[in-house]
Amino acid sequence: MSLTLYNTLTRRKEPFTPIDPKNVRMYVCGPTVYDYAHIGNARPVIVFDVLFRLLRHVYGADHVTYVRNITDVDDKINARAAEEGISIRELTERTASQFHEDIAALSILPPTVEPRATEHIDEMKALCEALVAKGHAYVAEGHVLFDVASMPDYGRLSNRSLDEMEAGARVEVAPYKKGPMDFVLWKPSKEGEPGWPSPCGIEGAGRPGWHIECSAMSDRWLWEEVKDKLSNEAKARPHQFDIHGGGIDLTFPHHENEVAQSRCAHGTPVMANVWMHNGFLQVEGEKMSKSLGNFITIHELLKTDKFGGRRWPGEVLRLAMLMTHYRQPIDFTATALEAAEKVLRNWYRLIGDATACEAGDGQSDVQTKLQDDLNTPQAITALHAMADALSNGGDASALARFKSAANLLGLLTMTQSEWLAAWNADAKLDEGEIEARITARLEARKAKNWAESDRIRDELAEMGIQLKDAKDPTTGEFTTTWEVMR
Ligand SMILES: Nc1ncnc2c1ncn2[C@@H]1O[C@H](COP(=O)(O)OP(=O)(O)OP(=O)(O)O)[C@@H](O)[C@H]1O
Ligand SMILES: [Zn+2]
């Protein structure tokens, strides 16, 4: 077994060695809960779910702690709640439960811990105090600010020098900052904004900056809560953990600043050993993002016909996403979803209602490929090879091996009946709609548009509707009837 991962910190692929193999620890930045998550946001959730599954498989399910937070205090949240005229709590609760509903449909395992920022304010304040006491932060006009000049290797993660950053700083610098790149750890809250008693002798209420939230939550759940059960080697490396992940846009400033806060507060050489970043999901070459307005939400993809004129099963989105390596950009298209759906349909047909089982003997090619920096495209190729072999005849254990190899990617987690039933229930096709599609298909046939006619047949089959074509022996007329597949 050898797992290699690309590390943003060293800019190369390296063998992964956990600090304590009995307690592998990973933190991934979760959503800021003020709006529906878009499918770009789904990418880190899916990618790190695959890594979580792989780590559990390699080190044992009870030996991996995965923390993915919820950011429920942020100025974007305040603004949205005010806009909608609802309380912040109402907005964050609603958005967080929508997020959970959405990602459950993508077969995402729940993380070990899902901490909320508002439940860790004391830890954030303690970090502010420690940073001020050690001369890495200062108080100015009700703010606590991190003094980046106090950290000699600030910029190491994102590979940029402080001079370069300062020269490029175009934002207007607040007059109370010592240096233009100094960032906020704590800021004052006005009447009506969420606030807590401030640290560092500041009077009045305030709230944390975004970066300090992740430094506090990762240390609480990956060090404080687990330190007693760690190996002696791991105890000798306090406040450090194995893997920290997120989208590539978080490298700077968010992760750079997390590193600065955590290392300076605890006096450590690293915050996390391995930093992993997924590439963007793009639309016509541009990052899918809320601010550009070019986004489609997970909810819309699953429940409405806004993308490609139809609804899509969550597992299709998951497979389509994993067809590209996590560090590459993905250009998102309906064609990719269609291709993924076709593959899944075939695979489900192949496994039928075989129930899940653990792969007993040996390591599959799928696992080997995943262990090479999560090479999901090659893992999927390996799954195709297993599927081909199976369709030429295979015994129950070959089937079980195929299914558990697919499970490692979070695929084929259901039986074929469950998949059809889930999709049918979701599609809620009424008879009128089925008839309308059959008419459309007959028209396509008349026009000799075989591709379209096949597409409609496949689409209905996907929803569990089987078509039967017949020619009337007397009139020669072509007719189609349908029935629900069993
Ligand atoms: N288009 C995208 N492709 C891949 N990952 C993305 C994309 N957009 C956001 N992410 C990731 O989603 C996670 C949640 O981030 P966050 O809640 O800050 O979203 P966001 O950056 O505010 O979205 P937006 O850029 O649309 O405003 C982060 O790990 C971020 O890197
Ligand atoms: Zn974070």
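Just name one of LEU54, ALA79, SER97: the one whose Cα is farthest towards the positive end of the charge dipole of segment 1-108 (beta-carbon charges, Lys/Arg +1, Asp/Glu -1).
Result: LEU54.
With the contact rule set at Cα under 8 Å and sequence spacing of 6 or more, what percent relative contact order holds for the chain?
Averaging sequence separation for qualifying contacts and normalising by length gives 16 percent for the chain.
For the chain, what is the mean residue ellipticity at 222 nm derived from helices alone (per DSSP H run of n ≥ 4: -39500 (n - 2.57); sum divided by total residues; nearest 500 deg cm²/dmol)?
Taken over the chain, the calculation gives -13000 deg cm²/dmol.
About the Cα centre, and with charges only on the beta carbon of Lys, Arg (+1) and Asp, Glu (-1), how big is the dipole of segment 163-273? Nearest 20 debye, please.
Magnitude of the dipole: close to 260 debye.
Based only on other Cβ atoms within 10 Å, what is the fewest-to-most ordering of TYR176, TYR59?
If I rank by nearby Cβ atoms, fewest first, I get TYR176, TYR59.
Can you tell me how much longer the chain between THR381 and ASP153 gets when fully stretched, taken as 0.36 nm per residue apart minus their C-alpha distance, in nm with one decimal?
Contour length minus Cα-Cα distance gives 77.9 nm.
Less than 9 Å Cβ to Cβ from ASN278, Lys/Arg counted +1 and Asp/Glu -1: what total charge do the surrounding residues give?
+2
Neighbouring Cβ atoms within 10 Å as the yardstick, rank HIS120, HIS325 fewest first.
Going from sparsest to densest Cβ surroundings: HIS325, HIS120.
Say R0 is 35 Å: what FRET efficiency, to the nearest 0.05, do THR333 and GLU431 get from their beta-carbon distance?
0.65
Apply 1/(1 + (r/R0)^6) to the Cβ-Cβ distance of GLU166 and THR413, taking R0 = 51 Å, and write down the FRET efficiency to the nearest 0.05.
Using R0 = 51 Å, I get an efficiency of 0.55.
For labels at ALA236 and ALA104 in the simple 7 Å Cα→Cβ model, what's the distance in nm?
4.6 nm
What is the distance in Å between the Cα centroid of segment 102-122 and that of segment 304-330?
Centre-to-centre distance over Cα atoms comes out at 22 Å.
Please list, in order, the residues from segment 29-45 whose amide nitrogen is less than 20 Å from a point placed 7 Å along the Cα→Cβ vector of THR304.
Under cut-off, by backbone N: 33-43.
Add +1 for every Lys or Arg and -1 for every Asp or Glu among the other residues with Cβ under 10 Å from the Cβ of THR65, and state the total.
-2
For LYS471, go through the lysines and keep the ones whose alpha-carbon is under 24 Å away, minus same-chain ones fewer than eight residues off.
LYS446, LYS448
Along the charge dipole of segment 146-237, which of SER158, ALA236, ALA169 sits closest to the positive end, that is, farthest toward it, with unit charges on the beta carbon of Lys, Arg, Asp and Glu (+1, +1, -1, -1)?
Looking along the dipole axis, the top candidate is ALA236.
Pull out the extension gain between GLU483 and SER87, defined as 0.36 nm times the separation in residues minus the alpha carbon to alpha carbon distance; nm, one decimal.
Result: 137.6 nm gained on full extension.
Loop only per DSSP, at most 11 neighbouring Cβ atoms within 10 Å: give me the trypsin sites (Lys or Arg not before Pro) in segment 1-93, ordered by residue number.
Of the trypsin sites (Lys or Arg not before Pro), the ones in loops of segment 1-93 whose Cβ has at most 11 other Cβ atoms within 10 Å are ARG11.
Label-point separation (nm) for ASP395 and ARG11, each offset 7 Å from Cα along Cα-to-Cβ?
Label at ASP395, label at ARG11, 5.3 nm between them.
Taking the Cα centre as origin and putting +1 on Lys and Arg beta-carbons and -1 on Asp and Glu beta-carbons, what dipole magnitude results for the chain, to the nearest 20 debye?
840 debye
VAL173 versus GLU191, label points 7 Å from Cα toward the beta carbon: distance in nm?
Label at VAL173, label at GLU191, 3.4 nm between them.
Starting with the highest mean, order 121-133, 300-312 by the number of other Cβ atoms within 10 Å, averaged over the residues of each peptide.
So the peptides 121-133, 300-312, ranked by packing, come out 121-133, 300-312.
What does the C-alpha gyration tensor say about the overall shape of the chain? Classify as rounded when a/c is under 1.5, otherwise prolate if a/b is larger than b/c, or oblate.
Verdict is prolate for the chain.
May I ask what percent, to the nearest 5, of DSSP beta bridges between residues of the chain are antiparallel?
55 percent
Looking at PHE295, ASN449, ALA137, which one has the Cα that reaches farthest to the positive end of the dipole of the chain (charges on Cβ: Lys, Arg +1; Asp, Glu -1)?
Farthest towards the positive pole: ASN449.
By per-residue mean of other Cβ atoms within 10 Å, what is the highest-first order of 160-166, 36-42?
36-42, 160-166
Report ³J(HN,Hα) in whole Hz for each residue of segment 311-325, in order, from the Karplus equation J = 6.51 cos²θ - 1.76 cosθ + 1.60 where θ = phi - 60°; Gly and Pro get x.
Whole-Hz 3J(HN,Hα) from phi for segment 311-325: 8, 10, x, x, 5, 5, 4, 4, 5, 4, 5, 7, 5, 10, 5.
Just order 143-149, 285-291, 372-378 by mean Cβ neighbour count inside 10 Å, highest at the front, would you?
Per-residue Cβ counts within 10 Å, averaged per peptide and sorted highest first, yield 143-149, 372-378, 285-291.
Mean separation of Cα pairs under 8 Å and 6+ residues apart, divided by the residue count of segment 229-312: what relative contact order is that in percent?
25 percent
Could you tell me the calculated FRET efficiency between ALA79 and MET323, based on Cβ-Cβ distance and R0 = 30 angstrom, to the nearest 0.05?
The value I calculate is 0.25.
Normalised by the residues of segment 67-222, what does the relative contact order come to in percent, with Cα pairs under 8 Å and at least six apart?
RCO, segment 67-222: 27 percent.
To make sure I understand, if each residue's beta carbon is the centre and we count other beta carbons within 10 Å, what order do PHE48, PHE478, PHE241 fall in, fewest to most?
PHE478, PHE48, PHE241
All of the numbers you see were taken from the coordinates with simple rules; none came from a lab. Predicted model only: the values in this text are computed from it and were never measured. All Cβ positions, even for glycine, are placed from backbone atoms using ideal geometry, and neighbour counts span all protein chains on display.
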